[in-house]
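The values are calculated or read from the model by the stated rules, or taken from the named source; none is laboratory data. Computed from a predicted model, the values in this text were never measured in an experiment. Backbone-built Cβ (ideal geometry, glycine too); neighbour counts: all protein chains shown. These area figures cover heavy atoms from the full protein model, side chains too; ligands, DNA and RNA do not enter into them. Shrake-Rupley method; radii C 1.70, N 1.55, O 1.52, S 1.80 Å.
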Amino acid sequence: MMKKVVAITGASNGMGFEAAKLFAANGWLVYGGARRVEKIPIRPNVHALSLDVTDHSSNKAFIQTILAEAGRIDVLINNAGYGEYGPVEDIPLDNARNQFETNFFGAADLGQLVLPIMRQQESGRIINVSSIGGDVYMPLGAYYHATKAALQHWSDSLDMEVKQFGVRSITVQPGLTRSGWGDIAMANAKKNLTATSVYTPLLDRVGGLLSTNAHAIGASSESLAALFYTAATDKRVKRRYFHSLSDRTLVWLARSHPNLFKKGFETVFKYLGKRSDKA
């Protein structure tokens with residue numbers, strides 16, 4: 001049998017890195033793309049390619065190389081992304097635009113590039129790695145949350161267009177992860193603060209919430225890679241894939257009871273503020 005082919009963006013670390021290993025171990029032909037190509041796992045069945053999802057020519061070369069070597073693409077996993085955190089008042093709009101270029105437009109560009117291939121095959125899945133942050137939100141993450149919400153609606157609309165051709169567009173929504181994502185997001189937030197910013201105390205609260213909970217209850221990259229694999233191979237395709245019941249419940253609460261969700265989050269931040277004042 002011909003090996004199935006998966007293209008994974010952001011394959012140099014975290015979920016993408018582990019997904020490349022997992023798919024390869026299950027006999028798939030893996031093409032991992034990342035800017036830091038040297039960090040993509042070296043394994044049988046894994047091909048490491050240079051990829052900058054914000055650059056159309058790079059995206060095009062990535063897909064063309066896979067087609068030239070493998071002849072098909074069964075699954076595209078749009079995993080590349082990061083958190084450009086910072087106060088809306090302070091964060092430069094150029095940084096916000098780059099957040100959209102990476103988290104949203106990169107996925108949209110790659111989607112357009114693989115769709116003709118998948119339609120011709122009459123099969124294929126585009127797996128868009130969003131976040132519970134597409135529905136749940138917190139201070140300092142306005143642009144990050146906006147990109148993930150955009151990705152989800154784009155994915156849902158696309159699925160309605162291409163299902164007739166045997167192609168599916170589906171969304172994975174991870175929650176907190178035991179990775180360096182939160183540390184990078186907070187480093188970006190500090191970088192985006194102006195010299196006289198009034199939001200420094202808020203940054204300390206958000207940073208404490210992210211780091212404490214991520215290490216305590218966050219999902220491992222390996223378990224999220226397994227979720228990607230389930231989304232790629234599930235016989236009965238779901239619209240959304242969640243890692244845990246708590247992730248699914250938070251999304252349900254934010255969507256079904258938005259005022260209650262907002263009030264609850266505000267209470268948490270007030271408590272964190274009082275605790276930091278005492279300390």
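Quick look at the numbers
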| quantity | calculated |
| --- | --- |
| Single residue of Glu101, Glu84, Glu18, Glu89 found to be in contact (Cβ under 8 Å) with a residue 24 or more places away in the chain, among the charged types (D, E, K, R) and in contact with a Phe, Trp or Tyr (Cβ under 6 Å, 6 or more places away or on another chain) | Glu84 |
| Residue count, segment 144-197 (criterion: open to solvent by 30 Å² or more (accessible area, probe 1.4 Å) and over 17 Å from the mean Cα position of the chain (by Cα)) | 15 |
| Residue list for segment 152-203, filter: closer than 23 Å to Gly218 by Cβ and not in a helix (DSSP H, G or I) | Ile170, Thr171, Val172, Gln173, Pro174, Gly175, Leu176, Thr177, Arg178, Ser179, Gly180 |
| Segment 42-88, residues that are among the acidic types (Asp, Glu) and either at pLDDT 95 or above or touching a Lys or Arg at 6+ places or on another chain (Cβ under 6 Å) (or both) | Asp52, Asp55, Glu69, Asp74 |
| Members of segment 2-11 found to be at pLDDT 95 or above and either more than 20 Å from Met118 (Cβ to Cβ) or aliphatic (A, V, I, L, M) (or both), listed by number | Val5, Val6, Ala7, Ile8, Gly10, Ala11 |
| Set Ala150, Ala185, Ala195, Ala146: member being in contact with a Gly (Cβ under 7 Å, 6 or more places away or on another chain) and not charged (D, E, K, R) | Ala185 |
| Wholly enclosed helices (runs of 4 or more DSSP H) of segment 1-113 bearing at least 3 residues open to solvent by 60 Å² or more (accessible area, probe 1.4 Å) | 56-70, 93-100 |
| Tabulated pairs, segment 259-278, first modelled with pLDDT under 75, second surrounded by 11 or more Cβ atoms within 10 Å (Cβ to Cβ) and among the charged types (D, E, K, R), C-beta under 7 angstrom, 6+ apart or interchain | Phe269/Arg205; Leu272/Arg205; Gly273/Arg205; Ser276/Asp204; Ser276/Arg205 |
| Hits in segment 125-139 (condition: part of a strand (DSSP E or B) and open to solvent by 10 Å² or more (accessible area, probe 1.4 Å)) | Arg125 |
